[in-house]
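Notes follow the structure.
The values are calculated or read from the model by the stated rules, or taken from the named source; none is laboratory data. Not measured: the values here are computed from a predicted model. Note: ideal-geometry Cβ built from the backbone for every residue, glycine included; neighbour counts use all protein chains shown. Note: accessible area is taken over every heavy atom of the protein model, side chains too, but ligands, DNA and RNA are not part of it. Shrake-Rupley method; radii C 1.70, N 1.55, O 1.52, S 1.80 Å.
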Amino acid sequence: MTWKYLLFAQYPACFLLAIFFIVCYLRVRKSSAVKSILWVLLFGVALAVSVLFTFLGVQDGYWKLNSIFTLGIASWIGVALVFVALIAHVVHLVEKKHNRKVMEKELEKAAKEKEAAVAQAEEQGREAARQALEEGRRAAHQEEAAARFTQAAVAADAEAAASELASAAHTPIELKLDMPESAPAETQGEAPAEPAPDNSADTPVDPI
C-alpha cells in the first residue's frame, strides 16, 4: 500500500464531495449568484478528480473497471472522513440557523421593547402636555378671576366714593361763627358817664 494507492483510492470520497457541492449549489442558486458559481466550480473539480483517480487506479492496476464499486479500506476511510466533514458542516449550518433565529427573536424582542418604550414616552409626553395645558388653563382662569375680583373691588370702591359724594352734596352745610366774648359795656353799649361832683361851693374861702 503506497501513497499513490491511498491517493487514488479516494475517488469515492471525491464523488461524494461532488454530490455535496451540487446540493449546495441547488440550495443557494436563487439567493446568491457568487456562491452558486463557487459551488458549481467545486462540483466540477471534485467530479473531475474522482474520474481521474478512478482511471489512474485502473491504469496502475490497483483495481479494474468492473470492481470500482468494491471499495477497499483506504476508500472507506476517505468516505468516512467525508461523512464526518458533511455531518460537521450540517451541524454548523443547523447551529448557525438556530443562532440566526435566536438573534432574530432577540432583535424582534428589542424592537418590541423599543416600540413600547417609544409609545410609553409618547404617552408620557402627551400626558405632560395635557397637564401643562390644564395648568395653563387653570392659571388663566385664576388670573381672569383675580382680574374680575379686582375690577369688582375697584367698581365697589368707585361706587362707594360716588355715593359718599352724592350724600355729601345733599347734606346742608351749617356754618357756626364763634364770636369772641367782650365786656358788657361793649356788648350792651357804654353807659353815659356821670358828671363829676362840683365841690367848689362847698369849699370854704379863706379870708384875706
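For segment 1-41, a residue qualifies if it is of a type in the set (S, T, N, Q) and over 27 Å from I73 (Cβ atoms), and the qualifying residues are S31, S32, S36.
Which residue, of Y25, Y62, is open to solvent by 50 Å² or more (accessible area, probe 1.4 Å), modelled with pLDDT of 85 or more and either closer than 21 Å to L93 by Cα or not in a helix (DSSP H, G or I) (or both)? Spell out how you get there, then give the answer.
Working: Y62 fails: modelled with pLDDT of 85 or more.
After ruling out the rest, the residue left standing is Y25.
Residue count for segment 28-50, restricted to those that are over 60 Å from the mean Cα position of the chain (by Cα) and open to solvent by 70 Å² or more (accessible area, probe 1.4 Å): 0. For V49, work out the one condition from (1) under 14 Å from L17 (Cα atoms); (2) among the aliphatic types (A, V, I, L, M); (3) assigned to a loop (DSSP other than H, G, I, E, B) it doesn't fulfil. Status for V49: all satisfied but (3).
The residue of segment 65-98 that is surrounded by the most Cβ atoms within 10 Å (Cβ to Cβ), among those that are polar (S, T, N, Q) and free of Cβ contacts under 8 Å to residues at least 12 places away in the same chain, is S67. In this entry, L71 passes the filter for residues that are under 17 Å from Y5 (Cβ atoms), modelled with pLDDT under 80 and out of contact with any Cys (no Cβ under 8 Å at 6 or more places or on another chain). Before we move on, is K4 within 29 Å of G57 (Cα to Cα) and loosely packed, with under 15 Cβ neighbours inside 10 Å? Yes; evaluated as a whole, the condition is true for this residue.
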